[in-house]
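Step one of this worksheet: look at the structure below.
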Amino acid sequence: MKARKASHAGRRAVTLFSARAVLDSSRMAKTVVKYARGEAIFKQGDACENISYIQTGGVQLSVMSKNGQEAVVAMLGPGDFFGEGCLAGQPVRMSSATAIASSVIFVVGKERMVQLLHKQHGMSDRFISHMLSRNTRIEEDLIYQLFDSNEKRLARTLLLLARYGKQDKPVRVVPKISQQTLAKMVGTTRSRVNFFLNKFNKLGFIKYNGERPLEINRSLLSVVLHD
C-alpha cells in the first residue's frame with residue numbers, strides 16, 4: 001500500500017514538473033508577458049489565437065451579457081491554463097481575462113500548442129488533467145448554485161481562491177478582491193457578501209477588515225461541510 005502511494009505521488013510530481021519545465025524552456029516558442037493588477041489580458045470578442053499559462057499571479061475570467069450584466073465565471077492561479085477555446089475551434093474569446101494580481105503569463109500560439117501536446121506526453125497528460133478538472137469544477141459550480149445557500153457558496157468560493165484541494169500548497173492569503181466581484185461569483189448581492197464576510201471574521205474562519213487581502217483559515221471548511 002505504501003509503495004503504491006509513493007508511486008502515485010511520484011507520477012503526480014513528474015506530471016506537474018513536465019508542464020512547468022516545458023513551458024519554462026528557453027527553446028519553447030512562447031511569449032512571456034507581465035501584467036499589473038487589474039490589467040486586461042484579453043477581452044470577450046477578441047480573436048482566439050493562442051492559449052495562456054499562469055506562471056505567477058492570478059487571473060479572473062468574466063462574461064458580459066448583451067444587456068451589460070457581468071458574471072465572474074472563474075478565478076485561476078499559478079499552474080492553470082486559460083484561453084484553451086482556440087484548440088476547440090472557437091474563433092473569438094467567449095470571456096474576458098483580467099489579472100487580479102501582478103502576473104507572469106506564458107502565451108503559446110495555437111499551432112505550437114497542438115504540436116507540443118502531440119510530442120510531449122507529460123505536457124499532454126497535464127493539460128488533459130486540467131481540462132477534466134475544469135469541467136468537473138463547472139459541474140460542481142452549477143450544482144452548488146442551484147442548491148446551496150449564499151453562505152455556503154461564498155465559503156466555497158473563498159476556499160477555492162485559497163486553492164484548498166489543489167495539488168500545490170494552499171495559500172492562506174488570497175489576492176485582494178472586491179465584495180462586488182465576490183457577489184458576481186456567488187450570485188448574490190454585495191450586501192449579503194459583506195454580511196457573511198463579517199460573520200466569518202467574527203467566527204475566526206477568516207481575517208478580514210475590508211482593506212487588506214483576505215486571510216483564509218482551514219476552519220472555513222466547516223461551513224461548506226455543515227448540513
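The values are calculated or read from the model by the stated rules, or taken from the named source; none is laboratory data. Predicted model, so just to flag it, every value in this text is computed and none were measured. All Cβ positions, glycine included, derive from the backbone under ideal geometry; neighbour counts span all protein chains shown. These area figures cover heavy atoms from the full protein model, side chains too; ligands, DNA and RNA do not enter into them. Shrake-Rupley method; radii C 1.70, N 1.55, O 1.52, S 1.80 Å.
Numbers below:
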item: For region 93-227: rounded, prolate or oblate by the Cα gyration tensor [a/c cutoff 1.5]; result: prolate
item: Cα shape, region 176-220, gyration tensor, a/c 1.5 rule; result: prolate
item: Net charge, Tyr208 excluded, C-beta distance under 14 Å - Lys, Arg +1, Asp, Glu -1; result: +4
item: Ordering of 59-68, 73-82 by packing [mean C-beta count within 10 Å, highest first]; result: 73-82, 59-68
item: Positive minus negative residues near Arg93 (Lys, Arg vs Asp, Glu; Cβ under 12 Å); result: -2
item: Solvent-accessible area of Arg137 with every protein chain in place, 1.4 Å probe, in Å² to the nearest 10; result: 60 Å²
item: Cα gyration tensor shape of region 36-96, rounded if a/c is under 1.5, else prolate or oblate by comparing a/b with b/c; result: oblate
